[in-house]
1. Of the residues R15, R97, only one is basic (K, R), surrounded by 14 or more Cβ atoms within 10 Å (Cβ to Cβ) and in a strand (DSSP E or B); which?
2. Restricting segment 62-78 to residues that are farther than 15 Å from L38 by Cα, out of contact with any Gly (no Cβ under 9 Å at 6 or more places or on another chain) and not polar (S, T, N, Q), which is surrounded by the most Cβ atoms within 10 Å (Cβ to Cβ)?
3. Take segment 197-242 and flag every residue that is outside any helix (DSSP H, G or I), aliphatic (A, V, I, L, M) and in contact with a helix residue (DSSP H, G or I) (Cβ under 7 Å, 6 or more places away or on another chain).
4. Looking at I9, I41, can you tell me which residue is in the same structural domain as R95 (by TED's automatic domain parsing), at pLDDT 95 or above and of a type in the set (A, V, I, L, M, F, W, C)?
5. Which of the residues that make up segment 226-241 are more than 24 Å from the chain's Cα centre (by Cα) and either surrounded by 17 or more Cβ atoms within 10 Å (Cβ to Cβ) or farther than 30 Å from D143 by Cβ (or both)?
6. Is there a residue being farther than 30 Å from Q28 by Cα, in the same structural domain as R262 (by TED's automatic domain parsing), at pLDDT 95 or above and in contact with a His (Cβ under 7 Å, 6 or more places away or on another chain) anywhere in segment 150-162?
Amino acid sequence: MVAEDEAYIATARVRGYVGHALDHELRQLLGSEPDALLAHIIKDYKREKQVRVSLIDWQGKNYILKHYYVKNFRFRLRRLLLPSLAGQLWRKVSRVRERGIATPALLAAVDNGKRLFYRGTTCLYEYVHPDRDNKTLHGEFADRGRRNEIIAQAASLLRRMHQAGIYHGDAKISNFLWVERSGRVDLHVIDLDDVRFVGQLSSRQRLNDLSNLTFSLAWFQNDPALPGECFQVYSGNDSSWCGDQPGFLRKLRELVDKKLARRRKWQKNHHDVKS
């Protein structure tokens, strides 16, 4: 990672961090008109009012572009009062990587405009190609052996994050990139917007992350045994932090059921609107 002080830039319109690994032309564009990168999008992964996540092609090389929009005046006011979003994200990625958790390198994070003239934040990440995407994992989850492997990899990654004092806040399987190198699986965690760093996670934080992961796997294939399987892998050989294990598992199942019901309701309403 590039040291923060070495990568910091401040121009008339842009403030933030641009790593020296990027070519000169790309660095200049990020320092003057980061919105111009939207013209290089070749595929959208997420496109919402608040944020857009896309694959871009810059002179034959792929990057992930994440652009945060100003959705309303209230958001602009929050950005006026709170620390720089670019700075927060730059530091979060650096701290996650320092704690031994794999995540795509953040190559640039810049705020476009400042104070009441803030226009949004643009982040540029290295592109890490997953060897298995969500669609593939969904199809494989019906196989008992593959199901066990997926649970083992995802739940153990969550355990390592929590042991390192990292609370994700949105730990769905879609936020873990399945990467294989020489037959070895190395999951990369993404979407660090809600990440918090704590000395020791509370039971509520553990429950929230684990319920999000279990729910996302239950969306592949719902099974009453799934919460217990995820909990067993996540706990490893030590569940002393849990205290009331039956109570924790009961809450885990309840949360997963609520999330599934909420998702089904959203899907139904979305389908009805389209129809």
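The values are calculated or read from the model by the stated rules, or taken from the named source; none is laboratory data. Every value quoted in this text rests on a predicted model; they were computed, and no experiment measured them. Using ideal geometry, Cβ is built from the backbone for each residue, glycine included, and neighbour counts are taken over all protein chains shown.
1. Answer to the check: R15.
2. Within segment 62-78, the first condition is being farther than 15 Å from L38 by Cα, and the residues that meet it are 70-78.
Now drop any that are not out of contact with any Gly (no Cβ under 9 Å at 6 or more places or on another chain), which leaves 71-78.
Pick out the ones that are also not polar (S, T, N, Q) and you get 71, 73-78.
Numbers: K71: 13, F73: 9, R74: 9, F75: 15, R76: 17, L77: 12, R78: 12.
Among them, the one singled out is R76.
3. If the condition is that a residue be outside any helix (DSSP H, G or I), aliphatic (A, V, I, L, M) and in contact with a helix residue (DSSP H, G or I) (Cβ under 7 Å, 6 or more places away or on another chain), then L201 is the only one that fits.
4. Answer to the selection: I41.
5. Answer for segment 226-241, where residues must be more than 24 Å from the chain's Cα centre (by Cα) and either surrounded by 17 or more Cβ atoms within 10 Å (Cβ to Cβ) or farther than 30 Å from D143 by Cβ (or both): S240, W241.
6. yes
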